[in-house]
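**Student:** Dumping the structure here so I can ask a few things about it.
The values are calculated or read from the model by the stated rules, or taken from the named source; none is laboratory data. Nothing here was measured: the structure is a model prediction, and the numbers come from that model. Neighbour counts are summed over all protein chains in view; Cβ atoms, including those assigned to glycine, are modelled from backbone coordinates with ideal geometry. Areas reflect the complete protein model, heavy atoms only, side chains present, ligands, DNA and RNA absent. Shrake-Rupley method; radii C 1.70, N 1.55, O 1.52, S 1.80 Å.
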Protein chains: 2
Amino acid sequence: MTQAPWETKGEHCRKVLSNSLNQEWLLPLEDLPPTDRLNVSSFIETCGRLTSRELEITHSDATYLVDQMGQGKLSAVETATAFLKRAHIAHQLVNFATEFMVEDALKAAAELDAHFQATGKLKGPLHGIPISTKEHIGFKGRICHSGYVAWTENIAQEDALIVRLLRQAGAVFHVRTNEPQSVMHIDCSNNIYGTTVNPHNRKLTPGGSSGGEGASLGLRCAVLGIGTDIGGSVRVPAAFCGAYGLRNTALRNPYKGVCLAGGGQESIRCVISPLANTVKDINLFQKTLLDLEPWEEETSLVPMPWRRVDPMQPEQLTIGIIWDDGVIHPHPPVIRALNEAKAKLMQAGATVIDFEPYDHQEGIDIVSALYFPDGAQTQKQILAQTGEPIAFLTEWIFNKAKPEPLSITENWAFNVRRDAYRDAYHKAMKDRGVDFILCPAYIGAAAELGGGQYFHYTSIWNILDQPAITFPTGLKVDPAIDVVEKEYKPRSADDEREYKKYVPDTFVEAPIALQLVGKHFRDEETVAAAEVVSSIVQS
Amino acid sequence: MTQAPWETKGEHCRKVLSNSLNQEWLLPLEDLPPTDRLNVSSFIETCGRLTSRELEITHSDATYLVDQMGQGKLSAVETATAFLKRAHIAHQLVNFATEFMVEDALKAAAELDAHFQATGKLKGPLHGIPISTKEHIGFKGRICHSGYVAWTENIAQEDALIVRLLRQAGAVFHVRTNEPQSVMHIDCSNNIYGTTVNPHNRKLTPGGSSGGEGASLGLRCAVLGIGTDIGGSVRVPAAFCGAYGLRNTALRNPYKGVCLAGGGQESIRCVISPLANTVKDINLFQKTLLDLEPWEEETSLVPMPWRRVDPMQPEQLTIGIIWDDGVIHPHPPVIRALNEAKAKLMQAGATVIDFEPYDHQEGIDIVSALYFPDGAQTQKQILAQTGEPIAFLTEWIFNKAKPEPLSITENWAFNVRRDAYRDAYHKAMKDRGVDFILCPAYIGAAAELGGGQYFHYTSIWNILDQPAITFPTGLKVDPAIDVVEKEYKPRSADDEREYKKYVPDTFVEAPIALQLVGKHFRDEETVAAAEVVSSIVQS
């Protein structure tokens, strides 16, 4: 069978990936779990390929690992090797990587070890910490295609600024990860590498668009991950995979060197931000990054250092719960998680009130118009260059924009509406005395492969430019408990479509996440609150 | 002679103005200086209408006045009255006001006095300080037309946020001031009130677009003034009139309630910022304003308080001088002022180097495209509504834009160029070790009425989003010294046009200003540096 030209064009990317694998670290096919084993989240622990020490390393957070390296009890090479080995098997399980950087990572780790041996000092606060990165974050001399077959010849001219800065802090970059076509799905499938699946249930998507990062953190292939988020693309995969994902306020983290169609679009800004397996690591990531003053190179950033915030006590918190955004009703597992969270938070002494969402339909109308104010012409032209098949979710999201580009003055009018909406939302929070909002991360625990459409439980905070973190509740979908609310009457065709997606058995063992939201530029407070809230909710 | 409809439409604004005047404070026509007396800057001091105490009050800065009021030695009513009286005569001299608010101001002042008498405390850091405001800053229930005849029916629904906040701090608003048609000239003439002239030389413009504010501060009709600046509209009138004008970094001061065509345009942001007669008052204004947390209502602002910066010593400063932007050559008075400033700053111990401007033509190309990315259709439609005559300077600035609106993607491409230019400029400053740039505020000391065209010595810092202050050097144009450089060979037709505008006798006694520029978001440092630099330059 001959390949279509677009298929041929992606071939060299697949070769780069397969050549980047260390064959010795791969399991023979017969040792892999059968494809109908859905939950592979603990497979690596039991497959016998990682030593107990390697398992211990890969289950540790950054603070612990850096501390061990600072005491000379652990080397950066050993750390990188453990995570690389783990990531290789993980890739066999969920197809999450676009490229391993084994040689570079081990070389960097060896240099860090030499530095430590020579000086007795760590290179920086992330000394020896392996970090995975979403594919469209540039690495000098490597392909950067942003999920488009047409861009597979694009070679990054330099490392992204965030990569350069974190390397100064000692970070080790070892694996690049998958993303969906157009980088605008909460799913993770493209015509180059195919589909990444969810480690907790391989019938489900790991989320997206930073879906490879979700899988990476969910399977502990990296201590930290870096994704991008313009509608939930960091928070949703973190939520679907049982990890933590931050969407910081725009203009704080350095974005330079991310390859994304539509550069210069500023009505709603894409941010670059971390995934991790603890809130503490998210805080460490942010502090390390902003201590390096990215605004000295990327001058559009606000030169605001990461402020130290005292640990919060539950008694200090007033949390408003959004149970339902008034547009699409969440699925039973999410409602259960919110109920349990509410009870535990109140028990712990926090003030918890029900928060009436402020006209989310208005926010959704604005955000939907502003994702593709050019009628997605930019993206459509890129797709047309190769004729690669256009995914259902691509078509679907493009159709949210008007087919004809907005005029500049129409775009301005949306900017005015956006700012008015932001002001009104902020006022609604203040009027209720609410510091943080607790809400779903998504309508359900996860979406089926190719099935994630409604992502406005996260995108609403993008249009509002408020910081938000998704975190695991520790709960998982249990069909015996999370039964369909038979009496629910959908409020619209869209609501019905989304509600019907909840078939309990389909989502079995999917981790249930929630989202904590703070105020504009109060990223530090939001992270501090997430630390205490997630810990209470998981208790 | 019958009036054209557009003339009739502006009539009620002129009535509002004339009805707002307290006739008792006006000089009889015969006591006014003859129209051919050009310099009226000290007329008020000698006309005999203000008492010596009133003259003392109106020559004081905010810090002194507030201190006197805090000691009970001065009342707010006495202060407001002194400035109102002065402003009335000033208006007769230079036609700078659009509306006096005598009753409101005296009532507010009386309330402040009552508050002080009852509590022994001042209301806030601007207790009793009279502030003039540019017309397009809204006052509830008052006309807000932004220099367009078509908008003379527009009544502001609420006070601008900056007005509400500063009132909380004790400020008294007593007079609103003139601006040019389209609010995009460095001149001050419109079809409603006619032309505002420069108090130092009435053949010259006070600058613009906050030209009424320039005249207000130049004649000490207010302690502080508020203007708006998207290309120099605060700094140029301050410079032309012998006052100080700040252009702060965007997204710091509250802009809500300014009436300007083209709302939602964000590629280059208009800022609202102060004029004053001392740097100390500019600092007081900014600190007071940001201490009131405007971001709690206008959430697009960056919640960054006004930081305290230690007074700077000249030895700490590395100042780069831009002698010529490489596009339009400055006039001899400005070169003289730069030379004298350089010598004094070096004498005082500062490090002063010549700074090669970084490709200003690129900045000018970007800013010119971004002022009217819609081809000025928005503004042209407003003008067409009444058929009011379109001024030469309006036509001229609109023609800088392409006649057809840019597409959204063309606008994005300019945003990308703008950010690259900002990064490159910042790097150029860092590479040279330059903290602040000293440069012309304008090509000359001022412009003739209707003659100010080239404003890119100020607009370049708008596109770069760097804070900048214009300040008086203490020098004035002296035709005996500031002779034409006969040997100068213009580098272009534009350069020739601008250079020929320098006819020494025309600009006699115009104050010569300079501009000090800092880095993005380093407003506090820029103000602190301006305090020491202006004081050395004026010594």
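**Student:** Between copies, how far does the label point of A:K400 sit from its twins, in nm, shortest first, when each point is 7 Å from Cα along Cα→Cβ?
**Tutor:** List, nearest first: 3.8 nm.
**Student:** Sticking with this one: On alpha carbon coordinates alone, what is the Rg over Rh value for chain A, Rh being the Kirkwood radius?
**Tutor:** Working: Rg = 21.9 Å, Rh = 23.2 Å.
Value, to two decimals: 0.94.
**Student:** Continuing with this model, one more query. Excluding A:Q385 itself, what net charge comes from residues whose Cβ is under 14 Å from its Cβ, given Lys and Arg +1 and Asp and Glu -1? Mind showing how you got there, number by number?
**Tutor:** Working: positive: A:K9, A:K380; negative: A:E153, A:E388.
Around A:Q385, the charge tally is 0.
**Student:** State the percent of C-alpha pairs, over all pairs in the protein assembly as shown, separated by a distance greater than 38 angstrom. Each step should come with its number before you reach the end.
**Tutor:** Details: 305964 of 580503 pairs.
Value for the protein assembly as shown: 53 percent of Cα pairs lie more than 38 Å apart.
**Student:** Tell me, what HN-Hα J-couplings in whole Hz come from the Karplus equation 6.51 cos²θ - 1.76 cosθ + 1.60 at θ = phi - 60° for each residue of region A:496-501, using x for Gly and Pro?
**Tutor:** Using θ = phi - 60°, the values come out as 5, 4, 6, 5, 5, 5 Hz.
**Student:** For the B and A pair, go ahead and give the buried accessible area with a 1.4 Å probe, both sides summed, in Å² to 100. Write down the numbers at each step before the final one.
**Tutor:** Working: alone 20210 and 20200 Å², together 37380 Å².
Adding both sides of the contact gives about 3000 Å².
**Student:** With the solvent-accessible surface defined on protein heavy atoms using a 1.4 Å probe, which residues belonging to region B:511-528 display a reduction of at least 10 Å² in accessible area in the multichain context relative to the isolated chain?
**Tutor:** When all protein chains are present, B:H520, B:F521, B:R522 each give up 10 Å² or more of accessible surface.
**Student:** Report the Cα centroid-to-centroid distance between region B:1-26 and region B:439-515 in angstrom, as an integer.
**Tutor:** Centre-to-centre distance over Cα atoms comes out at 34 Å.
**Student:** Here's something else I'd like to know. For the protein assembly as shown, give me the percentage of DSSP beta bridges that are antiparallel, rounded to the nearest 5 percent. Intermediate results must be reported in sequence, preceding the final value.
**Tutor:** Details: 60 of 90 bridges.
DSSP beta bridges in the protein assembly as shown are roughly 65 percent antiparallel.
**Student:** Same structure again: Given Cα positions, please report Rg to Rh for region A:314-538, the hydrodynamic radius being the Kirkwood one. Write out the running numbers ahead of the final one.
**Tutor:** Numbers: Rg = 18.7 Å, Rh = 18.8 Å.
So for region A:314-538, dividing Rg by the Kirkwood Rh gives 0.99.
**Student:** First compute the accessible area of region A:283-417 with a 1.4 Å probe, then give the percent of it belonging to carbon and sulfur atoms.
**Tutor:** Values: 2970 of 5630 Å².
Heavy-atom surface of region A:283-417 belonging to carbon and sulfur, 1.4 Å probe: 53 percent.
**Student:** Residue-wise, which Karplus ³J(HN,Hα) couplings in Hz belong to region A:480-486, taking 6.51 cos²θ - 1.76 cosθ + 1.60, θ = phi - 60°, and x for glycine or proline?
**Tutor:** 6, 9, 8, 7, 5, 6, 4
**Student:** Kindly identify residues of region B:286-322 having a loss of at least 30 Å² in accessible area between the isolated chain and the assembly of all protein chains, probe radius 1.4 Å.
**Tutor:** B:E296, B:T299, B:S300, B:V302, B:P303, B:M304
**Student:** Okay, next question. Under a straight-distance cross-link criterion of Cα-Cα below 16 Å, which aspartates and glutamates are reachable from B:K344, leaving out those fewer than 8 residues away in the same chain?
**Tutor:** B:E315, B:D354, B:E531
**Student:** Return the FRET efficiency for the residue pair B:E11, B:K107: r is the Cβ-Cβ distance, R0 is 25 Å, and the value is rounded to the nearest 0.05.
**Tutor:** Efficiency at R0 = 25 Å is approximately 0.35.
**Student:** Can I ask one more? With a ≥ b ≥ c the root eigenvalues of the C-alpha gyration tensor of region B:5-227, is it rounded (a/c under 1.5), prolate (a/b larger than b/c) or oblate?
**Tutor:** oblate
**Student:** In units of 2.2 N^0.38 Å, what is the alpha-carbon radius of gyration of region B:231-289?
**Tutor:** Details: Rg = 12.2 Å, N = 59, 2.2 N^0.38 = 10.4 Å.
Rg over 2.2 N^0.38 Å, computed on Cα atoms: 1.18.
**Student:** Still on this structure, please answer the following. Does region A:233-333 come out rounded, prolate or oblate, given a ≥ b ≥ c as the square roots of the eigenvalues of its C-alpha gyration tensor, rounded meaning a/c under 1.5 and, failing that, prolate meaning a/b above b/c? Working shown, then result.
**Tutor:** Details: a/c = 1.91, a/b = 1.28, b/c = 1.49.
The shape class here is oblate.
**Student:** Another question about this same structure. Quick one: putting +1 on the C-beta of Lys and Arg, -1 on the C-beta of Asp and Glu, what dipole do you get for region A:50-194 around its Cα centre, in Debye to the nearest 20?
**Tutor:** Numbers: 13 positive and 16 negative charges, 53 e Å.
Around 260 debye, computed over region A:50-194.
**Student:** With loop defined by DSSP as not H, G, I, E or B, and exposure as at most 14 other Cβ atoms within 10 Å, which is the longest segment of chain B clear of exposed GluC sites (Glu not before Pro)? Provide the component values of the computation, followed by the final result.
**Tutor:** Details: sites that count: B:E153, B:E158, B:E485, B:E487.
The reported range is B:159-484.
**Student:** Continuing with this model, one more query. So for region B:211-308, averaging the separation of alpha carbon pairs under 8 Å that are six or more residues apart and normalising by length, what relative contact order in percent results? Intermediate results must be reported in sequence, preceding the final value.
**Tutor:** Details: 160 pairs, mean separation 29.3, N = 98.
30 percent.
**Student:** Return the lysines within reach of A:K400: Cα separation strictly under 28 angstrom, same-chain partners fewer than 8 residues apart disregarded; answer none if there are no such residues.
**Tutor:** Filter leaves A:K134, A:K203, A:K256, A:K380, A:K489, A:K500, A:K501, A:K519.
**Student:** Can you list the residues of region B:410-458 that have at least 50 square angstrom less accessible area with all protein chains present than in their chain by itself, probe 1.4 Å?
**Tutor:** Residues meeting the cut-off: B:W412, B:D423, B:H426.
**Student:** Collect residues whose amide H, placed 1.01 Å from N in the peptide plane, falls under 5 Å from the amide H of A:I512; neighbours closer than 5 in sequence don't count.
**Tutor:** A:T473, A:G474, A:L475, A:K476, A:V477
**Student:** Report relative contact order for chain B in percent, whole number only (criteria: Cα-Cα under 8 Å, sequence separation at least 6). Display every interim value, and only then the final one.
**Tutor:** On the way: 1211 pairs, mean separation 84.5, N = 539.
Relative contact order here is 16 percent.
**Student:** Could you grab the relative contact order for region B:314-538? Cα pairs under 8 Å, six or more apart, rounded to a whole percent.
**Tutor:** 31 percent
**Student:** Something else now. Give the accessible surface of the protein assembly as shown per residue, rounded to a whole number of Å², with probe radius 1.4 Å and ligands, DNA and RNA excluded. Display every interim value, and only then the final one.
**Tutor:** Details: 37380 Å² over 1078 residues.
About 35 Å² of surface per residue is accessible.
**Student:** Residue by residue, what Karplus-based ³J(HN,Hα) values in Hz, rounded to whole numbers, does region A:40-46 have, using 6.51, -1.76 and 1.60 with θ = phi - 60° and x for Gly and Pro?
**Tutor:** Once rounded to whole Hz, the list reads 10, 5, 10, 4, 4, 5, 10.
**Student:** Give the distance, in whole Å, between the Cα centre of region A:124-167 and the Cα centre of region B:414-435.
**Tutor:** Here the two parts' Cα centres lie 23 Å apart.
**Student:** Near A:K121, which lysines are there with a Cα under 29 Å away, not counting those fewer than 8 places off in the same chain?
**Tutor:** A:K73, A:K85, A:K107, A:K140, A:K280, A:K287
**Student:** Over the Cα atoms of region B:269-315, what Rg and Dmax result, in angstrom?
**Tutor:** 12.7, 41
**Student:** To continue, here is another question. Quantify, in whole percent, the carbon and sulfur part of the accessible surface of region A:5-226 (1.4 Å probe; protein heavy atoms only).
**Tutor:** C and S atoms contribute 52 percent here.
**Student:** Also, quick follow-up: Please list, by residue number, every one of the trypsin sites (Lys or Arg not before Pro) in region B:468-499 that is coil in DSSP and has at most 11 other beta-carbon atoms within 10 Å. Could you put the intermediate results ahead of the total?
**Tutor:** Numbers: sites: B:K476, B:K486, B:R491, B:R497; in loops: B:K486, B:R491.
Within region B:468-499, the qualifying trypsin sites (Lys or Arg not before Pro) (loop, at most 11 other Cβ atoms within 10 Å) are B:K486.
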